[in-house]
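The values are calculated or read from the model by the stated rules, or taken from the named source; none is laboratory data. This structure is a prediction, so every number in the text was calculated from the model and none was measured. Every residue, glycine among them, receives a Cβ derived from its backbone with ideal geometry; neighbour counts consider all protein chains shown.
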Amino acid sequence: MIDRTEMQTSDPVGPTDRVVFLRPIDWKDIFDGWRKDESGQESWKRHWASQGFWSWDEWRSHHLRPYRMETLEWSLFGIPDPLATVPDFFGVSSRNWIEGAYGGDTTRRIREIVHLPIVTDNEKISDVRESFPKRTVLVGIRAGFRIILIEGMHRSCAIATWDPSVPFRSEMTIALAKWPETEFALAKERPNGQ
């Protein structure tokens with residue numbers, strides 16, 4: 001069981017004290033929601049097909065299989081102030097983001113990369129910002145005190161570049177599991193990346 005008091009601890013390097021426990025959640029429910037939100041998007045269909053996969057399930061399952069996400073204990077957390085919290089999340093650790101935004105590091109805080117072309121010139125991020133969903137669930141892990149995204153990078157970059165004069169009216173949550181190791185090197189073992 002996740003120690004909910006641990007999530008409320010003051011955190012000098014991450015936003016774990018700015019999320020609020022809501023309830024436990026199963027990996028199957030997380031994966032099903034992710035599929036529902038993403039599998040019908042043409043840009044993702046082109047992406048997985050270009051890597052030789054026949055379906056969204058096959059593609060995502062292939063990349064996540066080594067990490068046995070279904071064995072972790074997951075909980076759903078609310079994000080009361082997304083504009084202040086989400087930019088402090090660490091980005092998805094995939095080959096494209098490592099090469100285009102992190103300078104070879106495994107991950108960086110979202111706020112550290114918003115000025116880079118991979119964010120500023122990214123049409124998907126602009127599109128998300130223009131029609132942000134009314135309700136959305138990010139997926140991540142806790143590695144030490146860091147919250148590292150597994151899913152939700154484009155939405156997170158849209159939030160980190162949000163115009164403060166425009167009201168933000170989305171209800172945001174994040175499904176989190178504690179990663180059993182202090183370092184999260186998801187991409188280092190995946191030559192195909194995401």
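Structure data summary
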item: Among residues of the range 52-77, those that are surrounded by 14 or more Cβ atoms within 10 Å (Cβ to Cβ) and outside any helix (DSSP H, G or I), counted; result: 6
item: Condition broken by Ala101, with the remaining ones in (1) surrounded by 21 or more Cβ atoms within 10 Å (Cβ to Cβ); (2) among the aliphatic types (A, V, I, L, M); (3) within 19 Å of Trp34 (Cβ to Cβ) satisfied; result: (3)
item: Residue within the range 85-95 that is among the aliphatic types (A, V, I, L, M) and modelled with pLDDT of 95 or more present; result: yes
item: Residues located in the range 25-51, provided they are under 19 Å from Val139 (Cα atoms) and not in a helix (DSSP H, G or I); result: Ile25, Asp26, Ser39, Gly40, Gln41
item: Candidate set from the range 98-108 (those that are out of contact with any Lys or Arg (no Cβ under 9 Å at 6 or more places or on another chain) and closer than 23 Å to Trp179 by Cα); member that is modelled with the highest pLDDT; result: Arg108
item: Filter pass, Glu112 being surrounded by 15 or more Cβ atoms within 10 Å (Cβ to Cβ), over 14 Å from the mean Cα position of the chain (by Cα) and either of a type in the set (S, T, N, Q) or at pLDDT 90 or above (or both); result: yes
item: Residues (surrounded by 13 or more Cβ atoms within 10 Å (Cβ to Cβ) and at pLDDT below 80) located in the range 18-51; result: Asp37, Glu38, Ser39, Trp44, His47
